[in-house]
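Data block below; observations after.
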Amino acid sequence: MKRWIRWAAWLYPAEWRMRYGAEFDVFLDDAPLRWYDLADVIRGAAIMQMTSWMTYWKMALLAGIAGALLAGGIALAIPDQYVCTSALIVEKPGGTQRQAQRALYAAAQKILSRDGLIEMVRDPNLGLYRKELQHLPIENVAQDIFRKHVYVVPYPSSGDPGQAFRVVFVCPDRYKAQAVVARITEAFQREFARTSDGQTLSVLEGPILPDRPTAPVRPVYATFGAIGGCLLGLLSLAIFRRTRAYAVVTMSIPKDIKQFVDSQVAGGQYRNVSDYVRELIRADEQRHK
C-alpha cells in the first residue's frame, strides 16, 4: 500500500513535492494505511493540479490521452466488418428495359424474401449468425439482422444497354461474406433464367474475398476520442475553477513583521507571503483541534 501511495504522490505538483515530500514520506512510515487513503491522495493531487492556472495544457494532454484510449478501446471491442460485392447485368436482346426491371424485381423479391433469408441462415455450409441463433428465433435473425446487411443496389454500366446492379453483403467474417454473395449471385442467375423472356443475366464482377475490413476505422475513433477528451478536460477544469469557492483575506501588518515574513520567504522556507499565512492558519487549526 505504501508503494502505491508513494507513486500516487508523484501526481502532486513539483513544488508541493519539494516542500512537503520528506514530511509525507515520514508520515507514510508511521501511519496505518488503508485503500481509501490512496483514493484521498489521488483526489488531493487532482484538486491541487486543477487549482493551478499553469496546468491547462496538462489537463488537455491527459484528458486527450484518456479520451483516445477510451475511444480506441471501444473501437477494438467492435468487430471488424468486411464488405463483399458482385456486379451483374441484365442482357435484353429481345426484351425491353421495363421487362428487364420487372424480371429483376421479381427475382430480388424471391431471393431476399423472408423465406429466402431464412433458408440461407439455416444453411450449415454458410454458418451465419450462430451466436444470435442461440437466443433469438431464426425469423428474427433473418429479418432484423441478416436483412440489414444485404443489399441490391444499382451499378453504373457506362452506357451499356443492360440493367446492371450490385449485390452487397457486410459480415464480420470475410469468408462468409464471400460465400453469401456467391450464393445470392447464383440464385439471381437461376431465377432470371427461369422467369425472364429471352433475357440473360451476366456477371460483371464476381465476389472477391475481402482483403481488409472497411469498419471500424480505429484511428478515426482514437482521433475523435482525443479531441473530445481534450475539450471535455478543459471545460471541466474551467467549470471547477469558476465554481470552487475561495476566501480572500486582506491584512495590514506592521513594517517590522513584514520584513520578518519577507526574510522567511527569501530563506526558501516558504514560496510567498500567502504560503506563510496559510501555514499559520493550519497551525492554529491544529491547536484548536
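Rounded to the nearest Hz, the phi-derived 3J(HN,Hα) couplings of region 181-189 under the Karplus curve 6.51 cos²θ - 1.76 cosθ + 1.60 (θ = phi - 60°) are 5, 5, 5, 5, 4, 5, 5, 4, 5, where x marks glycine and proline.
Contour minus end-to-end for D115 and L234, with contour as 0.36 nm per residue of separation and end-to-end as the Cα-Cα distance? Provide the component values of the computation, followed by the final result.
Working: separation 119, 0.36 × 119 = 42.84 nm, distance 5.47 nm.
So the chain would gain 37.4 nm between D115 and L234.
Between I227 and L61, the distance separating the two model label sites (each 7 Å from Cα on the Cα→Cβ line) works out to 2.2 nm. Extents of region 82-205, largest first, come to 50, 25, 21 Å (Cα atoms, principal axes, whole angstrom).
Residue-wise HN-Hα couplings along region 130-137, as the Karplus relation 6.51 cos²θ - 1.76 cosθ + 1.60 with θ = phi - 60° gives them from phi, are 5, 5, 5, 5, 6, 9, 10, x Hz; Gly and Pro carry x. Listed values for region 58-73 are Karplus-derived 3J(HN,Hα) couplings in whole Hz (6.51 cos²θ - 1.76 cosθ + 1.60, θ = phi - 60°), namely 5, 4, 4, 5, 5, 5, x, 5, 4, x, 5, 5, 5, 5, x, x, and x replaces Gly and Pro.
Residues whose amide H falls under 5 Å from that of L204, counting only those 5 or more places apart or on a different chain, are A87, L88, I89, with hydrogens built in the peptide plane. Among all the aspartates and glutamates, which ones have a C-alpha under 17 Å from K176's C-alpha, if same-chain residues fewer than 8 places away are not counted? Partners found: D80, E119, D123, E132, E186, D211. Residues whose amide H lies under 5 Å from that of Y155, counting only those 5 or more places away or on a different chain, are A164, F165, R166; hydrogens are built 1.01 Å from N in the peptide plane. Remark on S113: its backbone amide H falls under 5 Å from none of the residues 5 or more positions apart or on other chains, H modelled at 1.01 Å from N.
Bear in mind these aren't lab numbers, they're just calculated from the coordinates by the rules spelled out. From a predicted model like this one, the values you see are computed outputs, not experimental measurements. Here Cβ is always computed from backbone atoms with ideal geometry, including for glycine, and neighbour counts include all displayed protein chains.
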